[in-house]
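The values are calculated or read from the model by the stated rules, or taken from the named source; none is laboratory data. Small disclaimer: the values here were computed from a predicted structure and weren't measured. Here Cβ is always computed from backbone atoms with ideal geometry, including for glycine, and neighbour counts include all displayed protein chains. Side chains included, ligands, DNA and RNA excluded: accessible areas come from the protein's heavy atoms. Shrake-Rupley method; radii C 1.70, N 1.55, O 1.52, S 1.80 Å.
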Amino acid sequence: MTKLTIPNDALCVADYQRLAKKCLPHPIFEYVYGGGGDEFTMQRNRDAFDKLAIWPRVLNDVTHGTTSTTVLGATWRTPMMLAPVAFQTMAHEQGEWATAEAASALEVGMMTSTLSSRSLESISKKITSPKWFQLYWQIDRTFNIALVRRAEKAGYSALVVTVDSAIHGIRNRAQRAGFVLPEGVEAVNLTDRPPLPSKAFTPDQSIVFQGMMSEAPTWEDITWLIQQTSLPVIIKGILHPSDALKAKAIGAKGVVISNHGGRTLDCVPSAIDVLPAIREQVGNDFVVLMDGGIQRGTDVFKALALGANAVLIGRPQLYALAVAGAVGVAHMLRILREELEVTMALAGTARVQDITTASLYYPH
Ligand code: FNR
């Protein structure tokens, strides 16, 4: 196994992105980095954070400060979790195993993707922090249940159902770079999936509506799924407040506000922009997580101020994995935690619950 160390110039998340560009094959970097369409949403994810300002408060005693918080009844060391990210052996030979070790070392939770390149059971064995399983709906209901039962048996404590990517985005950047999954990297959890029924289209039919979307889940399917498991179900990929409310009404225990890192439909809002409206709609006792564009502890702070219980970290885990394996991911997570601590200390907020909308400054 290659021995990887932390480069001296890896000081923040953006450094890991810069360094990953040098060490990943070009098509893989472009696939990981890129978004959908013209990448307006991907850019908006960053711009929306950048335009928010933190209003610092001085001389508060923060010596009892802590980043710990409670989500779904469990104590988390930091209000962060690793987002589900597919095919991690693309970035490092150990793939999800290395990420799981890093998450455990930093006591950060991990969402294992349906499209992991290691088995969900083997990843679970390496996670000692909160572990949730992310489900991509499969057309065959029985196969969904088989995956859910495996996740339950493997000790995952929640199910995250991603609903925003029934169709992959139109990923021109990855296409231009000629991205294809490298040989040997595969969705090992789906190897016994029953073959998809072959379809013939008449000239007046569309491969989108009558093709791909005929395999996509509906509210009815997700309601059914919630009834099939004792695990709390979180719906990932919500942007509209009415959809968040609907998720709550069908019995979901939370939502992840997300535009998939700008990788699916372009021209949609950033998660941070819609967060206040969603929090207002669902009330304070419902779990609201968000992701998209988080690169600094100040970003985590801004999301908490606008009502998120915690945030998810997507691409940075692959960048750090590519640069320095498990050590890199652990280092990247420590950077984010320490940046959050610095932000909380200098904003005069000792505890996560002290961070509120009053912690942000809005110019008149
Ligand atoms: C993802 N994302 C994702 N989401 C999901 O629910 N299941 C998955 O398997 C994947 N796979 C995946 C692969 C890669 C390469 C990327 C970059 C993203 C989306 C991910 O969970 C998250 O929503 C975004 O990555 C968050 O945005 P940032 O943090 O990358 O800006």
Between region 6-56 and region 330-348, how many Å separate their Cα centres? 18
Using alpha-carbon coordinates alone, the radius of gyration and Dmax of region 244-325 in Å work out to 13.6, 43
Cross-link reach from K248 to aspartates and glutamates, straight Cα distance under 16 Å and at least 8 residues apart if same chain, gives E220, D221, E280, D285
Could you list the trypsin sites (Lys or Arg not before Pro) in region 331-364 that lie in coil according to DSSP, counting only those with at most 16 other Cβ atoms within 10 Å of their Cβ? R351
Past the 25 Å Cα-Cα mark, which pairs from K126/K246; K153/K253; K199/K246; K236/K302? K126/K246; K199/K246
Placing unit charges on C-beta atoms (Lys and Arg positive, Asp and Glu negative, everything else neutral), compute the dipole magnitude of region 108-190 about its Cα centre in debye, rounded to 20. 160
Given the Cα-Cα distance of L190 and D204 and 0.36 nm per residue of separation, how much length would full extension add, in nm? 1.8 nm
Fully extended, how many nm does the chain gain between R334 and L59 (0.36 nm per residue separation, minus their Cα-Cα distance)? 96.4 nm
With labels modelled as points extended 7 Å from the Cα through the Cβ direction, what inter-label distance (nm, one decimal) is found for H168 paired with T70? 4.2
Leaving out ligands and nucleic acids, note down the accessible area per residue over the chain with a 1.4 angstrom probe, in whole Å². 45
Percent RCO, i.e. relative contact order, over region 210-364, from Cα pairs under 8 Å lying at least 6 residues apart: 17
Could you grab the relative contact order for the chain? Cα pairs under 8 Å, six or more apart, rounded to a whole percent. 29
Distance in nm between R176 and S119 label points, each 7 Å along Cα→Cβ, equals 4.1
